[in-house]
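These notes concern the structure reproduced below.
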Amino acid sequence: MKARIDAIIQREQAEYLDRLLPSSTGVLAEMEEYAAEHRVPIADREVALFLEITARAINARRVLEIGMAIGYSVIHLARAMPEDGLVVTIEPNEEMIRLSEDYLSRAGLRERVRIERGRALEVMPNLTETFDIVYLDAVKEEYIAYLDLAVPMLREGGVIIADNVLWGGQVAGEVRSPDQTASTQALREFNQHLVRHPQLLAEVLSFGDGVGYGVKIK
């Protein structure tokens, strides 16, 4: 879900950048409306577009997504890939899977997506593919564990992307409510782990709700 518009950068800059993006249409616009109405966490538009740009830039053919929700990011990733490309996405919630399958079918992309039902930390050890991109957007307290499982699956030169790593600005400031303490601390630790990972060249980017971005170098 969208953080307060000036949580990461100054409000004037945030509003300008938001105006630059063209409005979504069709299925994507419908998904954004559904997510806002039902408080379903999906990637910010600029983050979803960044995923699509990255997938196109590196000619991704295999992508692993951890945390599908209603499939908003999946559509951006899948449409950036060739017809024989595949997004493997992990999601434990059957209602989210049902909604996603409908949206993916209507977008004409269902055949490019394999949905793995279950919790990511239980599913990931059973995956055998090598991936060009791994995208993290699930339980924040589990991000370090996701990363440690994902790096061996990533090809050299492949990209790891993690969403919400600035957590509404809380990782750099005060936690706004007690129920955010564990996730905020987990993301602070994850950011340190990411940028110092010996197999990655990585940094944290200040758009959306903060994006961790790394390339596997060995």
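The values are calculated or read from the model by the stated rules, or taken from the named source; none is laboratory data. It should be emphasised that the depicted structure is a prediction, and the values quoted were computed from it without experimental measurement. Note that each Cβ is placed from the backbone with ideal geometry, even for glycine, and that neighbours are counted across all protein chains shown. What goes into the accessible areas is simple: the full protein's heavy atoms, side chains included, and nothing from ligands, DNA or RNA. Shrake-Rupley method; radii C 1.70, N 1.55, O 1.52, S 1.80 Å.
Observations on the model:
- Considering (1) surrounded by 14 or more Cβ atoms within 10 Å (Cβ to Cβ); (2) among the charged types (D, E, K, R); (3) modelled with pLDDT under 95, the lone condition that ASP132 does not fulfil carries the number (3).
- Restricting ARG112, ARG155, ARG106 to those that are more than 13 Å from GLY212 (Cα to Cα), out of contact with any helix residue (DSSP H, G or I) (no Cβ under 9 Å at 6 or more places or on another chain), charged (D, E, K, R) and at pLDDT 95 or above reduces the list to ARG155.
- Any hit, the stretch 56-76, residues being over 16 Å from ARG155 (Cβ atoms), surrounded by fewer than 17 Cβ atoms within 10 Å (Cβ to Cβ) and modelled with pLDDT of 95 or more: yes
- Of all residues in the stretch 171-194, those that are within 19 Å of the chain's Cα centre (by Cα) and open to solvent by less than 50 Å² (accessible area, probe 1.4 Å) total 8.
- Every condition in (1) surrounded by fewer than 18 Cβ atoms within 10 Å (Cβ to Cβ); (2) assigned to a loop (DSSP other than H, G, I, E, B) is met by GLU37 except one, and the failing one is (2).
- Residue check, HIS197 touching a Leu at 6+ places or on another chain (Cβ under 9 Å), surrounded by fewer than 19 Cβ atoms within 10 Å (Cβ to Cβ) and assigned to a loop (DSSP other than H, G, I, E, B): yes
- Selection within the stretch 40-51 - assigned to a loop (DSSP other than H, G, I, E, B), open to solvent by 20 Å² or more (accessible area, probe 1.4 Å) and of a type in the set (A, V, I, L, M): ILE42
- Top-ranked residue of the stretch 204-218 - restricted to ones that are of a type outside the set (A, V, I, L, M, F, W, C) and either out of contact with any Gly (no Cβ under 8 Å at 6 or more places or on another chain) or loosely packed, with under 14 Cβ neighbours inside 10 Å (or both), ranked as farthest from SER73 (Cα to Cα): LYS218
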